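In what follows, a structure is listed as structure tokens, so that the remarks can point back to it.
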Amino acid sequence: MTGLFSFIFIFSCIGIWYFIKRKPNTSNRNIAIGLAAISFALVGILGSGNDEKQVAETATTTTESIKESENSSTNSVVVELKLDSEELEVDEEGNAVITGTTNPGASVSVGLGIIGDSVEADKDGKFSLNHYLTGDKDEELTINSRLDGGNTSTKIILKPNAKVLAQKQEEEKAAQEAAASKEKAETEANEAEAKTAESLDQQPVESQQSQQEYTEPEYVDANGNGLIKGSNNGIYHIPGSRYYNKTTNPAAWFKTVSEAEAAGYRAPKN
């Protein structure tokens, strides 16, 4: 049990030092002092012999440390920090310049200064920090200022650039509309193709055959000369017809019936 209270006592002493030196907080410091006093008293009651002597020595050493910390705390600087703006919109590149005032010579940083900019305030206490915003969401930053054991902090919210954000939203909307239009066109094309295939499947075989490309026969000799005779009466006769051989003095020769009809000739009636 004595060991437990000794641990509480030591832990309380560390708390007293922390809330005096590292992060000044009167309320938490007083609580730590109270715990130290109670645990010390309980250790004194429960302990005996060498334990009492050891605890007394520890208490003496701790008391001296506390007094030294209090003296240091009394001499520490009260740090003030004021930002020029609590909300800041980044530029089109995503960069933000955070400005404000604090104690001259104070070290000002974003967070702990591990990630981000860290600068020293000038003789007038003015400072300027650079920070890059990633993403399209608001980001809350903690700005810290430290000087001679004193420190303070405040918050700032960085907002995405409204112009860039609007442009990106328009591009995303246009891309979505283009994708939807393409999908609709493909769907309509597929439906039309399906209807055409279905229509062809429903047609009779004869009808499908009639739609095949028709090649008109040519009547030519070995030299490629036309053999269809055009008479002086405006009638054409194809080889093998009734009056073909009787037409001995043709007015014109044709390779196909279409050529003869295009020239104004007609087929014989019989």
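Data table
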item: Matching entry among 143, 98 (being part of a strand (DSSP E or B), at pLDDT 90 or above, over 13 Å from residue 79 (Cβ atoms) and of a type in the set (A, V, I, L, M)); result: 98
item: Options 76, 48, 107: the member that is open to solvent by 30 Å² or more (accessible area, probe 1.4 Å), among the hydroxyl-bearing types (Ser, Thr, Tyr) and at pLDDT 70 or above; result: 107
item: Qualifying residues in region 242-264 (those that are free of Cβ contacts under 8 Å to residues at least 24 places away in the same chain, part of a loop (DSSP other than H, G, I, E, B) and not hydroxyl-bearing (Ser, Thr, Tyr)) - the one least open to solvent (accessible area, probe 1.4 Å); result: 250
item: Search result, residues across region 217-238 that are assigned to a loop (DSSP other than H, G, I, E, B), under 16 Å from residue 269 (Cα atoms) and either hydroxyl-bearing (Ser, Thr, Tyr) or open to solvent by 30 Å² or more (accessible area, probe 1.4 Å) (or both); result: 231, 232, 233, 238
item: In region 126-163, the residues that are surrounded by 13 or more Cβ atoms within 10 Å (Cβ to Cβ) and free of Cβ contacts under 8 Å to residues at least 24 places away in the same chain; result: 139
item: Among (1) at pLDDT 65 or above; (2) assigned to a helix (DSSP H, G or I), the one test that residue 59 misses; result: (1)
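The values are calculated or read from the model by the stated rules, or taken from the named source; none is laboratory data. Remember, predicted model here, so these are calculated numbers, not experimental data. Counting neighbours? That spans all protein chains shown, and the Cβs are built from the backbone with ideal geometry, glycine included. Accessible surface areas use protein heavy atoms only, side chains included; no ligands, DNA or RNA. Shrake-Rupley method; radii C 1.70, N 1.55, O 1.52, S 1.80 Å.
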